[in-house]
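Taking it in order: structure first as structure tokens, then the write-up.
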Amino acid sequence: MKKVLSIAGSDCSGGAGIQADLKTFSAHGVFGMSVIVSVVAENTSRVIAIQDITPDMIEKQIDAVFEDIEVDAVKIGMLSTEPCMKAVAKKLEQYKPNNVVIDPVMYAKNGCPLMDPNSIDALIQVILPYADLLTPNIPEAEKISNIEIINTEDMKTAAKLIYDMGCKNVLVKGGHAIGDALDILYSGKEFYYFESQRIDTQNTHGTGCTFSSAIASNLALGMTMPAAVDQAKEYITTAIKHSLNIGKGNGPTHHFYDLYKNGLHIKKSEGDLC
Ligand SMILES: Nc1ncnc2c1ncn2[C@@H]1O[C@H](COP(=O)(O)OP(=O)(O)OP(=O)(O)O)[C@@H](O)[C@H]1O
Ligand SMILES: Cc1ncc(COP(=O)(O)O)c(N)n1
């Protein structure tokens, strides 16, 4: 069985962060593991408090996984401060894992900050070079590239600028744009386009976490980068289509094994689908 590690924050309400990552790994038939970087008291509406795990404990969790288990892919999510980033980067340098997918989480869907804004330079200098794939949404791509993104050409320009900062592939996600949900992958040589119709729902808590974990799973399973993103786009689109009316704010995406194994073939009789 392929083994995939998430290094990210914990969302006690279950829709995003480590919890979304582990659900996504299970749905892809890979063995999921987790290193918790921050414990976030949050729900579908708000972030109440963030408690970072100490850098030493972050490092020890990573050691515990790598000294014992061969890791086929790593997904990295919320890294709230520079010390957390440095601890993770030190261990990436030491263990040099394959298939590192980094989601540069800055804000929750409800607008609450999850990363110290003063840590953007550290994110770029310390973490970004380890990414086989970096998956910024539009606001994150704007912050990293330092340009304003208002159309598809801007998404491509930002992808190129971010690629030049040292990651191997960049996927600028269009979840925050108007119109269809278009994501653009830049490999340094080519652009690839992944498009789906925009789904009219407020239940998008954890979409970025789910998407990046699906890509990491697909890479662990041996897919090429464009194929991994393509399959993951199908997964996230279906998971949003069947997202759940849980909580008072942005509800979570829906993961279940049959959904992935049978592609987009969903049993309409499932009582809990909305
Ligand atoms: N309403 C929607 N309909 C269809 N696809 C969507 C919708 N919202 C987001 N997506 C898709 O979901 C994926 C995640 O993109 P998004 O831009 O939401 O990430 P994100 O903002 O990083 O997520 P998060 O805030 O959870 O970290 C992308 O493929 C995006 O195109
Ligand atoms: C621990 C953690 N990691 C990531 C997100 C981003 O997900 P979203 O923007 O969908 O709330 C989150 N809310 N919480």
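Every number here is computed from the coordinates shown, using simple stated rules; none is lab data. Note that this is a predicted model, so its numbers are computed, not measured. Every residue, glycine as well, gets a Cβ built from its backbone with ideal geometry; the counts of neighbours run over all protein chains shown.
Per-residue answers, yes or no, for (1) more than 13 Å from ligand 2 (Cβ to nearest atom); (2) assigned to a loop (DSSP other than H, G, I, E, B); (3) of a type outside the set (Gly, Ala, Ser):
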{"position": "VAL4", "(1), (2), (3)": "yes, no, yes"}
{"position": "ALA20", "(1), (2), (3)": "no, no, no"}
{"position": "GLY29", "(1), (2), (3)": "yes, yes, no"}
{"position": "VAL39", "(1), (2), (3)": "no, no, yes"}
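Within 15 Å of ligand 2 (Cβ to nearest atom) and surrounded by fewer than 24 Cβ atoms within 10 Å (Cβ to Cβ), is that true of LYS109? I'd like the intermediate steps shown before the answer.
Working: within 15 Å of ligand 2 (Cβ to nearest atom): yes; surrounded by fewer than 24 Cβ atoms within 10 Å (Cβ to Cβ): yes.
Considered against the rule, which asks whether it is within 15 Å of ligand 2 (Cβ to nearest atom) and surrounded by fewer than 24 Cβ atoms within 10 Å (Cβ to Cβ), LYS109 comes out as yes.
Of the residues that sit in the stretch 169-203 and are under 13 Å from the mean Cα position of the chain (by Cα) and buried (at least 20 other Cβ atoms within 10 Å of the Cβ), which one is farthest from LEU134 (Cα to Cα)?
So in the stretch 169-203, the residues under 13 Å from the mean Cα position of the chain (by Cα) come out as 170-173, 175.
Applying the additional criterion that residues be buried (at least 20 other Cβ atoms within 10 Å of the Cβ) yields 170-173.
Working: VAL170: 5, LEU171: 6, VAL172: 8, LYS173: 10 Å.
Ranking the qualifying residues of the stretch 169-203, first place goes to LYS173.
Does the stretch 135-144 contain any residue that is among the basic types (Lys, Arg) and over 23 Å from SER10 (Cα atoms)?
Taking the stretch 135-144 first, the residues among the basic types (Lys, Arg) are 143.
From what is left, the residues that are over 23 Å from SER10 (Cα atoms) are 143.
Taking every residue of the stretch 135-144 in turn, at least one turns out to be among the basic types (Lys, Arg) and over 23 Å from SER10 (Cα atoms).
If you scan the stretch 127-171, which residues turn out to be within 23 Å of PRO83 (Cα to Cα) and among the small types (Gly, Ala, Ser)?
Selection gives ALA131, ALA141, SER145, GLY166.
Do you know which residues across the stretch 192-243 are outside any helix (DSSP H, G or I) and touching a helix residue (DSSP H, G or I) at 6+ places or on another chain (Cβ under 6 Å)? Steps first, please.
First pass over the stretch 192-243, keeping only residues outside any helix (DSSP H, G or I): 192-206, 221-224, 242-243.
Listed by number, the residues that qualify are TYR192, PHE194, SER196, ILE199, GLY206.
Just to confirm my filter: which helices (runs of 4 or more DSSP H) fall fully inside the stretch 63-178 and include at least 2 residues that are under 22 Å from CYS209 (Cβ atoms) and away from ligand 1 (no atom under 16 Å from the Cβ)? Before you say what the answer is, go through the steps one by one.
Numbers: elements: 82-95, 138-145, 152-163.
Answer list for the stretch 63-178: 82-95.
Which ones in the stretch 186-208 are within 11 Å of ligand 1 (Cβ to nearest atom) and within 26 Å of THR157 (Cβ to Cβ)?
Step one: filter the stretch 186-208 for residues within 11 Å of ligand 1 (Cβ to nearest atom), giving 194-208.
Scanning the stretch 186-208 gives PHE194, GLU195, SER196, GLN197, ARG198, THR204, THR207, GLY208.
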